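Here's the structure, in structure tokens; my notes come after.
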Amino acid sequence: MKSSNIFYGIVMAGLALTHTACSDYLDISSELTRNLSIDEVFENPTYTRSWYVNMYQSISEFSETGSEANAFRNPWSNMAGEITSQKMPSLDAMTAGYTAGTAAFHRWATLYQYIRQAMIFIERGKPVGSDSNIITEAEMARMKDEARYFLAYCYFSIFELYGPCPIVTVIDDAAYPAVEDYTRATVDEMVHYIDSLLDIVIGSESHLPNSVVSRSGTAISYTFNEVVRPTKVTAMALRAKLWVYAASPLYNGGWAEALKLRNPDGTQIFPERDPNKWVTAKQRLEELLTFAQAQGHDLYRTLVNGSINPDASVYTLFQEYNQEILWSATYNSYSDQYKMEKRTNPRDVNACYGTIGPSQESVDMFFMANGLAKDDPASGYNEDALVQVSHYCTNNLAIRTDANVFNMYAAREPRFYADVIYQGKSWHIQPSTGYYVDFSLNGGAGPASTDTPLNGYLLGKFKNRTVNHVSGGVQIWRRVSIIYRLAEFYLYYAEACNEVDPGDPDIIRYLDLVRERAGISGYQKLADEGKKNIIGNYQAQAKAIRHERFVELFCEGQRYFDIRRWMICGPGQEADQTKFTGMNEYGDPTKPIGTPESYYYRTTIERRIWNDRMYLYPIHQNVVNLSKGLIVQNPGW
């Protein structure tokens, strides 16, 4: 993982740091760097801060889905079937498959390096320095609590991908645990250990600030230069997410193969189902939501004349720091052809490299403008004509109407128009009069070059609409890169409430808050109008929550983990991972819709494979081999 990326654009309060200094310490096979011993490192405030800030490189942030996507960026949107890209390293992972030796997106060894970094910092860090270069006792106390947070975060990042792992109790000399000395913790041991670390940094003796958001009456302010530093809100969010995972089927008795997994001493690693874990998850979520609201956190909404403007809300949410964000970094590169920004522009718009596009399955999941799913009989959805489609795609949200657009894309919800670039859509900054995106064979963004999406769509989400890759145009916009945001936890809360009591009114309340901001009718309104009534029905509410998470968190790196913890990935199941279709880029847009020679014809783009062993990522075979049988492999690998 490159050391320069995670802090792009971030100024840490009180820290004048370079990444060269801190990255040197990532090679922990040797404790000597620049002729310094580890004792000397912690006698110097500059080197101490460098050691400390290096822990931040353990963060997985999901705004980067470009050609350099790695295990700490976002290959997961591709791996979950949300998008594809001809140039992404995860392109072939779900078509060719992988083994414990060849899987490309490992976190295990790297995160154990950061775990060790944090443990050493907690043990060795101390107030040091004098005059203008000093770490005070108060500053060190906060830094140590941040190190405890990163211990918890690193263990969770391993847990969500692989399941439980060894819990390190001694600072070893190796860059990751001396694997011959450890077995895997059980799920319950892992969850309670992470929870105990977070309890320290959330509790009354915590040295973390409550939030980077603060409220004074009705006024909200932000500590912008500390947005990436963990706070109590951040820790409470991680703790709530931990318990949602612990309660979910994959980790809570839902997978028969995992229940067979035993450590060498016979200890069962995955537990039998315990429904009370949902009670704990609900409690942790309530604690987070109550505390976050008290600090001033709320869903981000853009108001016009006192009413929510959903098109502005769903776009601007990702362009500036706002009260919905619980934890974030800043990450983008508009000029680098290997990053997401230029790879989500059409090839014929200012010499870009448009290769990253949503699957047809993702396109189909977006709701209609009336709030109904496209397959609902009352939705009004059709695939039978070319029509005029009006949408808001410019930065000033002026309405633009495009002609000859497939009515598959008509009358859809605001999130659809913000997130999906489809055939016939005009670009937010027109490169020429009357320009529209054309993915067909002879189109400017079509398959005549490898710089095209495979499936007739480009990703529109996250993009800043003022950026224009021409001389004199806006070249940089340091948009926020969201790690945790409130809407995600509203939907977790609705899920937990449904699991505990399907009659709980908070299920629909929190689900509808997210839908209201998105500009579509909530389920309460749909029920009142006699259009659709899911209220009180456990299965219908669970499906609605899963559907909303797909759309609201589209391409934010969560669906890969969601569909696995729910265990719905097999052929014929709700998130069937063998399906990956798109429009027929080699077809003719003038041919009859729905015929094989037409562009408007659903076409299999990739023949993806699924095996239930993919519910958990394989532990690297080298780790298993080195442990000489102590660390048991995940089922099926």
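This model, with +1 at the C-beta of Lys and Arg and -1 at the C-beta of Asp and Glu, gives the chain a dipole about its Cα centre of some 800 debye. Computed across segment 484-600, the Kirkwood radius stands at 16.2 Å (inverse of mean 1/r, all Cα pairs). Note: relative contact order over the chain, using C-alpha pairs below 8 Å and six or more positions apart, is 17 percent.
Candidate cross-link partners of Lys87 among the lysines, defined by an alpha-carbon separation under 18 Å and a same-chain spacing of 8 or more, comprise Lys339, Lys342. Screening the chain for whole DSSP H helices with an alpha carbon extent of at least 20 angstrom along the helix axis and a mean Kyte-Doolittle hydropathy of at least 0.0 yields 108-124, 187-202, 232-247, 486-500.
Extension gain for the segment Leu259 to Ala540, taken as residue separation times 0.36 nm less the Cα-Cα distance, is 98.3 nm to one decimal. Separation of the alpha carbons by more than 20 angstrom is noted, of Lys425/Lys461; Lys241/Lys282; Lys282/Lys531; Lys425/Lys463, for Lys282/Lys531. Can you tell me the FRET efficiency between Gln475 and Thr450 if r is taken as the Cβ-Cβ distance and R0 is 22 Å, rounded to the nearest 0.05? Efficiency, from the Cβ-Cβ distance: 0.30. Once each part is reduced to its C-alpha centroid, what is the distance from segment 108-122 to segment 514-529 in angstrom? Result: 45 Å between the Cα centres.
Using a Förster distance of 56 angstrom, determine the FRET efficiency expected from the C-beta separation of Thr267 and Lys126, and round it to 0.05. That gives a FRET efficiency of 0.90.
Once you have the Kirkwood Rh of segment 103-175 from its Cα pairs, apply Stokes-Einstein at 37 °C and 0.692 mPa s and quote D in µm²/s. It comes out at roughly 241 µm²/s. To the nearest 0.05, what FRET efficiency results for Lys525 and Tyr435 with a Förster distance of 41 Å applied to their C-beta separation? It comes out at approximately 0.60.
What is the Rg over Rh value, at two decimals, for the chain, using alpha-carbon atoms and the Kirkwood definition of Rh? When Rh is taken as the Kirkwood radius, the ratio is 0.96. Please sort by residue number the GluC sites (Glu not before Pro) in segment 260-309 whose DSSP state is loop and whose Cβ has at most 16 other Cβ atoms within 10 Å. The qualifying sites are Glu272. Projecting label points 7 angstrom from Cα along Cα→Cβ for His192 and Asn442 puts them 7.0 nm apart. A simple packing score, the average count of other Cβ atoms within 10 Å per residue, orders the peptides 440-447, 585-592, 313-320 as 313-320, 440-447, 585-592, with the highest score first. With a cut-off of 9 Å between beta carbons, the residues surrounding Gln295 carry a summed charge of +2, where Lys and Arg count +1 and Asp and Glu -1.
Extension gain for Ala398-Asp364 works out to 9.7 nm (0.36 nm per residue, less the C-alpha to C-alpha distance). Counting 0.36 nm for each residue step from Ala96 to Ile171 and taking away their Cα separation leaves a gain of 23.1 nm.
Zone of Tyr586 (label point 7 Å along Cα→Cβ, backbone N under 20 Å): which residues in segment 82-114? Flagged as within label range: 84-87, 92, 95-96. Could you check the spin-label model distance between Ser390 and Ala104? Points 7 Å from the Cα along Cα→Cβ, value in nm. Roughly 4.5 nm, to one decimal.
In the chain, the DSSP-assigned H stretches of four residues or longer account for a calculated mean residue ellipticity at 222 nm of -10000 deg cm²/dmol, using -39500 (n - 2.57) per stretch and the full residue count as denominator. Working from Cα pairs under 8 Å separated by at least six residues, relative contact order for segment 502-569 is 24 percent. Between Ile609 and Glu205, the distance separating the two model label sites (each 7 Å from Cα on the Cα→Cβ line) works out to 5.2 nm.
Each value in this text was obtained by applying a stated rule to the coordinates, not by laboratory testing. What you are looking at is a predicted structure, and each value in this text was computed from that prediction instead of being measured. Positions of Cβ are generated from backbone atoms using ideal geometry, with glycine treated the same way; all protein chains shown enter the neighbour counts.
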